[in-house]
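To start, the structure under review is shown below, and the notes come after it.
The values are calculated or read from the model by the stated rules, or taken from the named source; none is laboratory data. Please read all numbers here as calculations on a predicted model, not as lab measurements. With ideal geometry, Cβ positions are generated from the backbone for all residues, glycine too; neighbour counts draw on all protein chains shown.
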Amino acid sequence: METGMLHLHSLLRWVLLVLLLLALYQAFTKKESIRSSSLWLMIAAHAMLLIGLYQVFAGRYGILNGLPEEVPSLMKNSFYRFYWVEHPLLMLVAIVLITLARGKAKALNYKNTGWLLLIALIFILVAIPWPFREVGAGRAWFPGM
């Protein structure tokens, strides 16, 4: 189940990025369809959050599966620092921004929606475990590769 949840989480990153780019385009071109696309974006983001929380707590390297032997030096280990601190924190901030942008999109406040989504996109791009990341923290472009 852990591998399936990890693959689903990795696959949904592409869905989230496509929806985010679509919503950004609609916000900056002032299209009313931002209302529905921002809803789907928020749903995808919250689904990713739930799967990510499962990964952080009960996944293969989850906190409930045991802490590393040297917990005080956790921040020195780039793998655990990325997956237990950096990735969850940045993604949580991005999901909060997406949720705030959804509220602005419902009111058709295009400018604020666009800026919130752009900042969320930057946080997400920084926090994704791209294949070219440092050794151990990167993931494949597509799950199972």
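Just for segment 96-110: of the residues that are over 20 Å from ARG13 (Cβ atoms) and without any contact (Cβ under 8 Å) to a residue 24 or more places away in the chain, which one is nearest to the chain's Cα centre (by Cα)?
Among those that are over 20 Å from ARG13 (Cβ atoms) and without any contact (Cβ under 8 Å) to a residue 24 or more places away in the chain, it is LEU100.
Candidates LEU19, LEU8: the one that is modelled with pLDDT under 95, part of a helix (DSSP H, G or I) and either among the aliphatic types (A, V, I, L, M) or in contact with a Leu (Cβ under 7 Å, 6 or more places away or on another chain) (or both) is LEU8.
Could you tell me which residue of segment 68-88 is modelled with the highest pLDDT, considering only residues that are in contact with a helix residue (DSSP H, G or I) (Cβ under 8 Å, 6 or more places away or on another chain) and among the hydrophobic types (A, V, I, L, M, F, W, C)? Step by step, filter segment 68-88, then rank; the result is VAL85.
Of all residues in segment 79-95, those that are farther than 27 Å from THR113 by Cα and of a type in the set (Ser, Thr, Tyr) have Cβ atoms under 7 Å from Cβ atoms of residues that are assigned to a helix (DSSP H, G or I) and at pLDDT below 95, 6 or more apart or on another chain, in TYR80/LEU74.
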